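Below is one structure, written out as structure tokens; comments come after it.
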Amino acid sequence: MKLEALRIPAPLRGFAAGEAQVFDVTLDGDKVATIVPSASQTQARGTLLSALVEAHAHIDKNYTVQEVGAAQGNLFAAIERMEKHRAGWTGETLRLRMERALHDAWQSGTRALRTHIDWVQPEPPAALAVFEALREEWRGRIALQFVSLTPLDVFADLAAGERIAREVKRAGGVLGAFVYRNEGIVHKLGRVFDLAQQHGLGLDFHVDEGLDAEATGLRSIAQLVRARDFKLGVVCGHCCSLSMQDDAVANETLALCAGAGIHIVALPTTNLYLQGAWDRTPVPRGITRIHEAAARGLRASLATDNVQDAFYPYGSYDLVETFGLGVQMAHLAPASDWLDAITVSPAKALGLAWDGRIAPGCPADLVLLAATGEHELIGPRGRERTVIRAGRILEKSL
Ligand SMILES: [Zn+2]
């Protein structure tokens, strides 16, 4: 297959481009064979990305908003509503909505997806067995990973934490926790690190998801990574309170994060919806400090988070749409220089074999966007795409 006259955004190039901006790409079987500058450098026919990587989703609770209602800016109300709803979850209903999420992500060009699974008691949740079955069924299409999502306070109970960690290890997952201004936060986080080290597990936190400047879980996590010399990978999602802290405080935390090799994931849709006032026009908008992190070499990922549930009643699994919102919310310009946020950066955060840089010999798992230039990336027409997986064009299906 030959793909002609395409822009390949700079952060996605795994080859020496020189001055060229527009390229002709040939595929051979399931690999990219050659990439050469196009004869004309002025007219592009589209933008070529590597297939997308979703760093943070919740496929166990998506598409439930009709039943639970939208929480309108109250994170803890959303947690409570989902808690009630969760009592009625069965393998059958879970499978339906989890499959729907995967289908949507697949059609949008997603090659890997990490989901958090609500895990509020020591016993594994019903969603785990469904996830494990789907991980097998979807192998070769979407590489699936899961994170246990447990309130940090549960880890105060040593036996409960041990049970969770053992089951996460058995199922090949990542250990996670919801961290927000907990009492004894350092001690409880230390327990999570103990478990990760004992069982050989990576970590992925929901941390500081609120606008309280006093929420400094991210800093505690970064300090623990360094104190423990923890090498199994740490991902921190949300980090909203960082946006509310003094520059000096926030920058010090980010320097610690960069030194600790922490991956930061920003979730523009859910944060935009949940953070900030609902009784007047919201001013602070809850996006973390993407620019300041990048200045320290820490390239954040943009991810989907919630889709049509109590936390966020809208949305889809189209990462390019999420990216468009992130671009506007955090002033990521030029936008094409930030496309690593849905490709290369999450691939690294998830530890995927291919980091998503396009080069001769890389997998022919690609997304060809209609956008012929920088400014078309944000609109619906520019987001139209052809998904190529293992060198073949993916047929659209409803
Ligand atoms: Zn989340």
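The values are calculated or read from the model by the stated rules, or taken from the named source; none is laboratory data. Everything numeric here is computed off the predicted structure, so don't read it as measured data. Here the Cβ positions follow ideal geometry from the backbone for every residue, glycine too, while neighbour counts run over all protein chains shown.
Mind checking whether some residue in the stretch 309-316 is of a type in the set (A, V, I, L, M, F, W, C) and at pLDDT below 95? Yes, the stretch 309-316 contains a residue that is of a type in the set (A, V, I, L, M, F, W, C) and at pLDDT below 95. Looking at Thr115, Thr90, just one residue is within 16 Å of the ligand (Cβ to nearest atom) and touching a residue at least 12 places away in the same chain (Cβ under 8 Å), and that residue is Thr115. A Cβ distance below 8 Å, combined with a sequence gap of six or more or placement on separate chains, defines the contacts here; from the stretch 322-349, residues that are in the same structural domain as Leu298 (by TED's automatic domain parsing) and closer than 14 Å to Arg289 by Cα reach residues that are of a type in the set (S, T, N, Q) and crowded, with 19+ Cβ neighbours inside 10 Å in the pairs Ala341/Ser301. Taking the conditions exactly as written (under 24 Å from Val320 (Cα atoms), surrounded by fewer than 24 Cβ atoms within 10 Å (Cβ to Cβ), charged (D, E, K, R) and over 17 Å from the mean Cα position of the chain (by Cα)), does Glu292 satisfy them or not? It is true that Glu292 is under 24 Å from Val320 (Cα atoms), surrounded by fewer than 24 Cβ atoms within 10 Å (Cβ to Cβ), charged (D, E, K, R) and over 17 Å from the mean Cα position of the chain (by Cα). Looking at Leu189, Leu201, Leu195, Leu218, just one residue is free of Cβ contacts under 8 Å to residues at least 60 places away in the same chain, within 16 Å of the ligand (Cβ to nearest atom) and not aromatic (Phe, Trp, Tyr), and that residue is Leu218. For the stretch 249-306, a residue qualifies if it is in a loop (DSSP other than H, G, I, E, B), closer than 12 Å to His56 by Cβ and small (Gly, Ala, Ser), and the qualifying residues are Ala300, Ala303.
The rows are residues; the columns are (1) buried (at least 22 other Cβ atoms within 10 Å of the Cβ); (2) more than 22 Å from Ala77 (Cα to Cα); (3) touching a Leu at 6+ places or on another chain (Cβ under 9 Å); (4) of a type in the set (Gly, Ala, Ser).
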{"residue": "Ala222", "(1), (2), (3), (4)": "yes, yes, yes, yes"}
{"residue": "Asp229", "(1), (2), (3), (4)": "no, yes, no, no"}
{"residue": "Ala266", "(1), (2), (3), (4)": "yes, no, yes, yes"}
{"residue": "Thr281", "(1), (2), (3), (4)": "no, no, no, no"}
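Taken over the stretch 295-315, the criterion of being under 22 Å from His375 (Cα atoms) and more than 16 Å from the ligand (Cβ to nearest atom) is satisfied by Arg299 alone. A Cβ distance below 6 Å, combined with a sequence gap of six or more or placement on separate chains, defines the contacts here; from the stretch 254-268, residues that are within 15 Å of Glu292 (Cβ to Cβ) reach residues that are assigned to a strand (DSSP E or B) and of a type in the set (A, V, I, L, M, F, W, C) in the pairs Ile262/Val234; Ile262/Cys236; Ile264/Cys236; Ala266/Leu302.
For the stretch 32-63, a residue qualifies if it is touching a Phe, Trp or Tyr at 6+ places or on another chain (Cβ under 8 Å), away from the ligand (no atom under 16 Å from the Cβ) and not small (Gly, Ala, Ser), and the qualifying residues are Ile35, Val36, Pro37, Leu48. Considering the stretch 346-394, the residues that are of a type in the set (Lys, Arg) and under 20 Å from the mean Cα position of the chain (by Cα) include one that is modelled with the lowest pLDDT, namely Arg383.
Within the stretch 188-215, the set of residues being under 13 Å from Phe178 (Cα atoms) and part of a loop (DSSP other than H, G, I, E, B) comprises Asp208, Glu209, Gly210, Ala215.
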